[in-house]
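The values are calculated or read from the model by the stated rules, or taken from the named source; none is laboratory data. This one's a predicted model, so the numbers in the text were calculated from it and none came from an experiment. Backbone-built Cβ (ideal geometry, glycine too); neighbour counts: all protein chains shown. Surface accessibility is based on the protein's heavy atoms, side chains included, excluding ligands, DNA and RNA. Shrake-Rupley method; radii C 1.70, N 1.55, O 1.52, S 1.80 Å.
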Amino acid sequence: MNLPYSEPFKIKMVENIYRSTKDQREKWIREASFNLFNLRSEQVYIDLLTDSGTGAMSDKQWASIMTGDESYAGASSYYHLKEAIRELTGFDYFLPTHQGRAAENVLFSVLVKAGDIVPGNSHFDTTKGHIEFRNASAVDCTVDRASDTTSHDPFKGNIDTGKLEKVLKENPADKISCIILTITNNTVGGQPVSMANIKEVSKLSKKYGVRLIIDSARFAENAYFIKTREEGYADKDIRDITREIFSYADGMTMSSKKDAIVNTGGFIGFRDEELFRQASTYNIIFEGFITYGGMSGRDMNALAQGLYEGTEFPYLESRIKQVAYLGQKMKEYGIPVLEPFGGHAIFIDAKRFVPDFPKEEFPAQTLALEFYIEGGIRGAEIGALMADRDPFTRANRYPALEMVRLALPRRVYSNNHMDYVAAVVRNVFEKRNEIRKGFKIVWEAPIMRHFTLKLDRV
Ligand SMILES: Cc1ncc(COP(=O)(O)O)c(C=O)c1O
C-alpha cells in the first residue's frame, strides 16, 4: 500500500492562538467597520487572510539571520542571494526590493508610460494598481475557462494566446509596456500556467518585440503543478523546471513573501543589463542602494535559504496536498469550491453558495464576514470589492468570479486546523438560506479600496 504524504519537517517552536466567543467577534467586526483587514490579529483564531509573509521560517533560515552582513554596499548576503536567484532562475542581474509591489513600482517606472497597455493573465491587484496609477491599462487575456469554477482543466491560469495576439497585433509595440504573466494565477484561484503556454506566450512576445515579465510570487508551486500535471515533466527536478520557465522570459518580479517563505522581501530579475541599469536608478530612489534595496543583510540571507527550501519537492508536495485536504473536506460537505484546488488557497464560489444574493451587496464579503463570526476564521474577499472601480468611468466592476479566498500560510497550521475551518464553513453553508442581506460601502479610498474601506449592513 502507498504511504500517505506527510510534512518533511517537525515543529520546534509554537505560538499560542486563542478562541474567542461569537459575541466578542460580532462586537469586534462591527468596530472594524466590517473590514477583515481592520481586525487585530488576536481577534482571529485561524488567519487565512493571506499566504503572504505569514509562513514559518526554518531553523536554517533563522540561523542565517545571525550571519547576515549589514554592509551598506557589496554585502556578502547580497552575493549569497544573487547566487540563489541565478541558480533557480538563470537571471544574471537582480535588484532587491522590500516586497513584490516595490519590485513592480521600480520596474514599471522604467517600462510603463501613460496611455500604455499591459496585457496579462488576471493581473494581481497591486500590479493593476501600479499600471493604473501610471494612467496605463491592464488588459486581461486569461483563458475563458478560468471563470468556470467547475471546469477541471489542469491549467486554468493560462493566457489565451488568441486574445493576447489580438492585443499585440492591434497596438504598436511602443504602446505595450510588456506582457505580465502571473504564475500561479492568484486572482483566478491560484491556478497554474502550463510550460506549453509559457513557451507560446514567449514566442508571441518575441514575434511582436514586447518584453515578457513573469510575476513569480508562486513560481515554485507553479513548477510543482507542471511536474505533476504536464506531460514530459514528471521526472524533472523542480529547479530544472523553474530554470526552464524563466528561460522564456526577459525578467521577473518577485514577492518573496510567498514561495520563498520569508516574512518580507522581494526582487526583480533581469536578463538584459541595460534594463537592469535603468531600473537601478529607480531602485536607489525608492528602495535603497542596489545591493540591499529595501532589505537588510539578514533578510537577504533568510531569503536565499528560503528560495532553496521552497523549491524542494517534498515540501511543495506537503504544502499543496494540505490545500487539497481542506478543499476535499469542503467538497464532502457540499460546499461549492473552485476546482481544481489552487496551489496556495481554497476559493469558495459565492455565486454558487448564495445564488440569489444581489451582487451590489457584495456576496463574497458577506460570506467572509459570516465565517469570521461563526468560527474566528479570517479569509479574504476576491470579488467586486477587490475589483475596485473602473479608473475612467468610476463605476463598480463586477468580476466573473466572486469568491472568498482561504489562503494557507506555509508550514503554519495542522490538518486539525483544516478540519476546524471546513466545519465552520459547513455550519454557515447549512444556514445559507438565512443570509439575505449584505453590505454597503460607507467610505473608500480612490484606489485599492478593499484594504481600508468601511462597510455597514444594508
Ligand atoms: C501574484 C502576486 N503578485 C504580486 C504581489 C505583491 O506582492 P507584495 O504583497 O509582496 O507586495 C502579490 C501579493 O499578494 C501576488 O499575489
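When the Cα centres of region 315-365 and region 232-252 are compared, how far apart do they sit, in Å?
Each part reduced to its Cα centre gives a spacing of 28 Å.
Please list 3J(HN,Hα) in residue order for region 183-199, calculated via the Karplus relation 6.51 cos²θ - 1.76 cosθ + 1.60 where θ = phi - 60°; whole Hz, with x for glycine and proline.
Using θ = phi - 60°, the values come out as 10, 5, 7, 4, 4, 9, x, x, 8, x, 10, 6, 5, 4, 5, 4, 5 Hz.
What accessible area per residue, rounded to a whole number of Å², is obtained for region 162-300 using a probe radius of 1.4 Å?
Per-residue value: 36 Å².
Determine the alpha carbon to alpha carbon distance for each of LYS258/LYS329; LYS82/LYS321; LYS166/LYS227; LYS60/LYS257 and list only those over 19 Å.
Violating the 19 Å limit, Cα to Cα: LYS258/LYS329; LYS82/LYS321; LYS166/LYS227.
What is the P(r) of the chain, as percent of Cα-Cα pairs per 20 Å bin from 0?
That works out to 25, 59, 16, 0, in percent per bin.
Count the net charge of all other residues whose Cβ sits under 13 Å from the Cβ of GLN43, scoring Lys and Arg as +1 and Asp and Glu as -1.
+2
Label point 7 Å out from ARG389 along Cα-to-Cβ: which residues of region 106-130 have amide N under 18 Å?
Backbone N within reach: 129-130.
Using just the helices of the chain, give the 222 nm mean residue ellipticity in deg cm²/dmol: DSSP H runs with n ≥ 4 each add -39,500 (n - 2.57), and the total is spread over all residues, rounded to 500.
-12000 deg cm²/dmol
Counting only protein heavy atoms and using a 1.4 Å probe, what share of the accessible area of the chain belongs to carbon plus sulfur, as a whole percent?
With neighbouring chains kept in place, the figure for the chain is 51 percent.
Out of residues 5 or more away from MET403 or on other chains, whose amide H comes under 5 Å of its own, with H placed 1.01 Å from N in the peptide plane?
Those lying under 5 Å, H to H, from MET403 are ALA350, ILE382, GLY383.
What net charge do the residues around LEU307 carry, taking every other residue with its C-beta under 14 Å from that of LEU307, with Lys and Arg at +1 and Asp and Glu at -1?
Charge balance in the 14 Å sphere: +2.
Given a 1.4 angstrom probe, what's the average accessible area per residue across region 69-144, in square angstrom?
Here the per-residue accessible area is 35 Å².
Check which residues have an amide H placed less than 5 Å from THR97's amide H, if you skip close sequence neighbours.
Under 5 Å from the amide H of THR97: GLY266, PHE267, ILE268.
If I take R0 = 22 Å and measure r between the Cβ atoms of LYS454 and ASN135 in this structure, what FRET efficiency does the formula 1/(1 + (r/R0)^6) give, to the nearest 0.05?
0.20
Per-residue HN-Hα couplings for region 436-450, Karplus 6.51 cos²θ - 1.76 cosθ + 1.60 at θ = phi - 60°, whole Hz, x for Gly and Pro?
10, 10, x, 10, 10, 7, 10, 7, 8, 7, x, 8, 6, 5, 4
Determine the relative contact order of region 8-140: mean sequence separation of Cα pairs under 8 Å and six or more apart, normalised by residue count, in whole percent.
13
Which percentage, to the nearest 5, of the DSSP beta bridges contained in region 147-260 is antiparallel?
10
With every atom except the alpha carbons ignored, what do you get for Rg and Dmax of region 2-86, in angstroms?
Answer for region 2-86, Rg first and Dmax second: 19.7, 54 Å.
What ³J(HN,Hα) values, in whole Hz, does the Karplus curve 6.51 cos²θ - 1.76 cosθ + 1.60 give for region 166-180 when θ = phi - 60°, with x put for Gly and Pro?
4, 4, 5, 6, 7, 10, x, 4, 6, 9, 10, 4, 4, 9, 10
Around GLY129, what is the net charge, scoring Lys/Arg as +1 and Asp/Glu as -1 over all other residues with Cβ under 9 Å from its Cβ?
Charge balance in the 9 Å sphere: -2.
Expressed as a whole number of Å, what is the distance separating the alpha-carbon centroids of region 52-124 and region 367-444?
The distance from the Cα centre of region 367-444 to that of region 52-124 comes to 30 Å.
Just how many % of Cα pairs in region 311-399 lie over 15 Å apart, if you round to the nearest whole percent?
That fraction is 67 percent.
For region 358-423, compute Rh as the Kirkwood radius over C-alpha pairs and then the Stokes-Einstein diffusion coefficient at 37 °C and 0.692 mPa s; write the answer in µm²/s, rounded to an integer.
247
State the three equivalent ellipsoid semi-axes of region 70-204, derived from the C-alpha gyration tensor as the square roots of 5 times its eigenvalues, in descending order and whole Å.
Sorted largest first and rounded, they come to 28, 20, 14 Å.
Using amide H atoms built in the peptide plane, which far-off residues or other-chain residues are under 5 Å from VAL139 H to H?
Hits under the 5 Å cutoff: VAL118, GLY120.
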